1. Say whether the condition of being among the small types (Gly, Ala, Ser) and within 25 Å of the chain's Cα centre (by Cα) is met by at least one residue in region 73-90.
2. Of the residues that sit in region 150-170 and are part of a loop (DSSP other than H, G, I, E, B) and under 22 Å from the mean Cα position of the chain (by Cα), which one is surrounded by the most Cβ atoms within 10 Å (Cβ to Cβ)?
3. So, in region 193-215, of the ones that are in a loop (DSSP other than H, G, I, E, B) and of a type outside the set (Asp, Glu), which residue ends up nearest to Glu100 (Cα to Cα)?
4. Taking Gln85, is it in contact with a Leu (Cβ under 9 Å, 6 or more places away or on another chain), modelled with pLDDT of 95 or more and more than 18 Å from Pro21 (Cβ to Cβ)?
5. Look through region 382-396, keep the residues that are assigned to a loop (DSSP other than H, G, I, E, B) and more than 32 Å from the chain's Cα centre (by Cα), and return whichever of them is surrounded by the most Cβ atoms within 10 Å (Cβ to Cβ).
6. So which residues in region 114-142 are closer than 19 Å to Pro21 by Cα, touching a helix residue (DSSP H, G or I) at 6+ places or on another chain (Cβ under 8 Å) and either surrounded by fewer than 20 Cβ atoms within 10 Å (Cβ to Cβ) or of a type in the set (Gly, Ala, Ser) (or both), if there are any at all?
7. Which count do you get for residues in region 98-133 that are in contact with a Gly (Cβ under 8 Å, 6 or more places away or on another chain), part of a loop (DSSP other than H, G, I, E, B) and among the polar types (S, T, N, Q)?
8. Which ones in region 304-335 are closer than 24 Å to Leu268 by Cα and either of a type in the set (S, T, N, Q) or assigned to a strand (DSSP E or B) (or both)?
Amino acid sequence: MTTDALAGLKVLDLSWVVAGPLIGRTLADFGATVVRVESSVRVETARLMQPFHGGVQDKEGSALFGNCNAGKLGLTLDLKSEEGQQVVRDLVAWADVVVESFSPGQLRKWGLDYETLRAGKPDLVMLSTSIAGQHGPWSTLAGFGNVGSSLSGFQHLVGYEDRLPMGTFGPYTDYVGPRLALVTLLAALENRRRTGEGAYIDVSQVEAGIYFLSPQVAQFGYDGTIAERQGNRDQQYAPHGVFGCRQVDGKDRFVAVVARDTAEWRALARAMSRPDLADRADLATVEGRRAAQDEIESAVAAWTSGLAATEVERVLQSAGVPAHLAVTSDDYPADSQLGHRGHLVELPHPRHGTTWVEGPRYALSETPGRPRGAAPTLGQHNEMVLTEILGYDAERVAVLTEGGILR
């Protein structure tokens, strides 16, 4: 019999867009009750971001918002009002965890910062996520993960050495930060279970991003080397690249190929019908292949250009060479590996009939997670949260409604 790993955990989610909501989404997947607070007046940015159901912008139809908030309960509140702030305090008293991503200092202005809240709840675990953390000269910097990617160094490093930086696609640190934040949050909960002590976690997206550039940072500390763009090449493996293939239905297609050792290199060369390259002594070491990268990449590109990407993938994988076509949005839903793992999950949706979200990133044997339902529509669970979770009576709910607080 399986159980939910986080059954009984109560979470107040005051975050928005991607970096914060993904934390609450994972907690909800594994059984936590997550109450997501937002406003229908200042609409959450992710609700207005594509892709949309049917390709039409609709604040209830964003696939991005739906993916980041599946399984949560939705409550709309005017957080600028004293009445709305009191509802939040009541939710804090109910919750085990608070996750927030307001601009640093905003919650303090409302009297909802950690130091104030912990006075009435010493075992509170609270996590704040922002671009550069809650303190320091860059703490008030506004922006999304693309700014975090630039500050952490990724924008400079991604691209070709003889061209301008391309940067990573999208707000990279919005997706890196939550992974480190989640582990830290679970550690804080385990510590509270053992000691009864709460914790405050200050997550900087920039620092989370830098963690993933540890080798480059360490090398600079060691010998002063400043990492530079190198296209699709790698410092350890050669060849290592993405190569153009024959067009399919008028569309360019590509395949990623790498040889991690001499055996894989020789298998690649033979698969290309190039025994002359496979048998060359100067290419038997990675140093030799790195010295001849231009020649090798030209040979691989000449071979792949005459074949479909799927054929290149099939031939090389059969030969024991790591290779995979560069997946497009059209390929993604039919990917056999993602299908096998149940990565895409169809859920009923109150506005669109059904919707699709990604499944949990973690496959746990005894306590498997799953999305519990579609992301909430604006104010979908107002009455449930206020009456069933907070125990408000009908009169108090009516006062909040008539006063414009639940919006």
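1. Taking region 73-90 and keeping what is among the small types (Gly, Ala, Ser), we get 74, 81, 84.
Filter once more, keeping what is within 25 Å of the chain's Cα centre (by Cα): 74.
Scanning region 73-90, I find at least one residue that is among the small types (Gly, Ala, Ser) and within 25 Å of the chain's Cα centre (by Cα), so the answer is yes.
2. Thr168
3. By that ranking, first place goes to Gly198.
4. When the stated conditions are applied, Gln85 passes them.
5. Out of the qualifying residues, it is Tyr392.
6. Ser128, Ser130, Ala132, Gly133 - these are the residues of region 114-142 that are closer than 19 Å to Pro21 by Cα, touching a helix residue (DSSP H, G or I) at 6+ places or on another chain (Cβ under 8 Å) and either surrounded by fewer than 20 Cβ atoms within 10 Å (Cβ to Cβ) or of a type in the set (Gly, Ala, Ser) (or both).
7. 1
8. Result: Thr304, Ser305, Thr310, Gln317, Ser318, Ala323, His324, Leu325.
The values are calculated or read from the model by the stated rules, or taken from the named source; none is laboratory data. Not measured: the values here are computed from a predicted model. Note that we place each Cβ from the backbone using ideal geometry, even for glycine, and neighbour counts take in every protein chain shown.
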